[in-house]
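No value in this document is a laboratory result; all are computed from the given coordinates. All values reported here derive from a predicted model rather than from experimental measurement. Note that we place each Cβ from the backbone using ideal geometry, even for glycine, and neighbour counts take in every protein chain shown.
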Amino acid sequence: MIGDFLVSAYPWTKALHVMSVIAWMAGLFYLPRLFVYHAERASPGSELEATLIVMERKLLKLIINPAGVATWVFGLALVFTPGVIDWGSDIWAYVKAVLVIGMTVFYHALVAWQRAFEKGRNSHPGRYFRLMNEVPTVLMIGIVLMVIVKPF
């Protein structure tokens, strides 16, 4: 019953998943860049710091959080759609799952860093956030290769 619905909804589910991923990734790419500016250019209590705190909070709450939830919901719907993944032989799906979990761990780190900035407790320099800005790119490359190329 539910399997039949998922099969019939597959094109819509896939389209909504891709749109959600694009929005989630846009936020995951941009928030660490805001952290770089925050760490390097915003003096405690300055107008710039207040502006960055608002921008970071709104990006997280209005874009990244909803897009991340939608990505997971539509992604899981795809996982449970009959015929999409053969968990007995599709090793790529396991690799992708690990990479997606890694992306989710990175997202939770962003949440923690945003809270630290908001409370005036950031302990990382701008260079740290420049390096962290590369993490979602590396994970995204792996995820896309697993889904499109399916090398395993």
How tilted is helix 65-79 with respect to the longest principal axis of the chain? Cα atoms for both, answer in degrees (0 to 90, nearest 10).
20
Filtered hits (aspartates and glutamates, Cα-Cα < 16 Å from Lys58, offset >= 8 within chain) -> Glu49, Glu118
Gap in Å between the Cα centre of the stretch 86-152 and the Cα centre of the stretch 1-17?
26
Pairs of alpha-carbon atoms within less than 8 angstrom and 6+ residues apart define the contacts here; what relative contact order does the stretch 2-148 have, in percent?
39
Taking the Cα centre of the chain as origin, work out the dipole magnitude from +1 charges on Lys and Arg Cβ and -1 charges on Asp and Glu Cβ, in debye rounded to 20.
340
